[in-house]
Amino acid sequence: MKTIVLATFSIGLLFSVNPLQGQSTITLQPGTAGKDAEIFSCVPCGYSTRNFGNIGDLCAVSWTNNGNSSKIRGLIQFDLSSIPAGSTINDARLSLYYNPNTDEGKHFKYFGNNSALLQRITQNWNESTVTWNNQPATTTQNQVVIPSSTSSTQDYPNINVTNLIRDMVNNPAASFGMMLKLQYESHFRKLIFASGDYSVASKRPKLTVTYTPPLRTMPETLELTAKPSQRRVFLEPNPAVNETKLSVISEKSGAASIQLFNLTGQLVFEKTLAVTAGNNSTTLAVNSLPKGIYIAKIFTETISETQRLVIE
C-alpha cells in the first residue's frame, strides 16, 4: 500500500489550528497515512498462512468455507506521529464505510448479533507479511464495541475511539493500531467495510483526532537575532492585519518552522512547511490572534532567527 499524506502545503497532513485555544485537528486515512490488512483463520483452505495486506475489504466475519470454520479479522494502523508527545487527546472518531464491491456480501446477523470490537494492537506487524498464524497480540483495555448493524449496507461514521487513541499516544511503544473482530465469533455473522486499498477514497477508513499540544513557553534566553541586512527570514507586512507572508531564503531543502509567542511567553501559533534551496514563501493567517506584539521564532536546519511581529 502506498503512503501518500493528505496535503495542506504541497506535502503535509490535513491540519488545522485554533491558535487561541491551542487545539489542533488531524484527519488520517490508510492508503494516505497508515496501513491495514485482513487475516483469515481457515486452515484447510490454506488461508491461515496467507497474507491479505492489499485487499479492498476490512471485515469482521465468522462463516464457513466448504464446511470449514472461517473467521476474518481486520487490522488497521494510523500514523499518529504528527501528534506531539504529551498532547491531550480531546476527541477521536473513526469512520468505517460499507464496501459495496466485495465478494464477502453484506452485513449479516440472521443467526445472532454481529456487533464487533476494536482492540488496541500491542505488537508490531507488517502489512505485507501478517497472517492469522502470526497475528499480533491485542489488549481489551478501553476496547470499543461497534453495535450490531441495523441494515445490510450500513456505514459507521464517527465511532468514538477517544480512549483508544489516548492509550496509543501515551504508550506508543506498545501501540500498533487496532484489530477489528466480531464480539461473538459464532458462525454466520458479518460486518463488511472498505479498507485503505479500496478504489474509492471516500469509502476508506478515516480517523479524525482533535488534541491540545503540551503547553510550551518562550525560552528565557530568547532574544531578537539578525540585523535586517543579514536576515534570511522576512515577515511582511509587519505590522500585519489579517495575514502576513513568511519568506525564507534557505541554503538547502528541508523543513522550516515558525512559532509565535505572546509577551507572557506562551506559544500561541506554530506552523511547519517544506522548503527548497532558494526563496520560499507562505501566507500566515493571523486574524484569529489578538492585536499586539509577538515574538516570532523561525528556524530551519541552518537558520535560527527571532523577530518581532505586530498584529493590528
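Some observations on this one:
- ASN160-ILE249 pseudo-label distance in nm [points 7 Å out on the Cα-to-Cβ vector]: 5.5
- FRET efficiency for THR88 and ASN242, using Cβ-Cβ distance with R0 set to 35 Å, rounded to 0.05: 0.75
- Extension reserve of the THR276-ALA174 stretch, reckoned as 0.36 nm per residue once the Cα distance is removed: 33.1 nm
- When only Cα pairs below 8 angstrom with a gap of at least 6 residues are kept, the chain shows a relative contact order of 21 percent.
- Annotation: amide H of ALA137 within the under-5 Å range of THR122, GLN123, sequence separation 5 or more or interchain, hydrogens built in the peptide plane.
- Amide hydrogen neighbours beyond the local backbone of LYS271, cut-off 5 Å, H modeled: ILE258
- Label-reachable residues, the stretch 181-209, where backbone N falls under 13 Å from a point 7 Å from ASN54's Cα toward its Cβ: 197-198
- Structure-derived P(r) over Cα pairs in 10 Å bins from 0, in percent: which label, when the choices are [x] 6, 26, 34, 22, 9, 2, 0; [y] 6, 24, 27, 18, 14, 9, 3, 0, 0; [z] 6, 28, 37, 24, 5, 0: [y]
Read-outs throughout are calculated quantities, based only on the coordinates presented, and are distinct from any laboratory measurement. This is a predicted model, so every value here is computed, not measured. Every residue, glycine among them, receives a Cβ derived from its backbone with ideal geometry; neighbour counts consider all protein chains shown.
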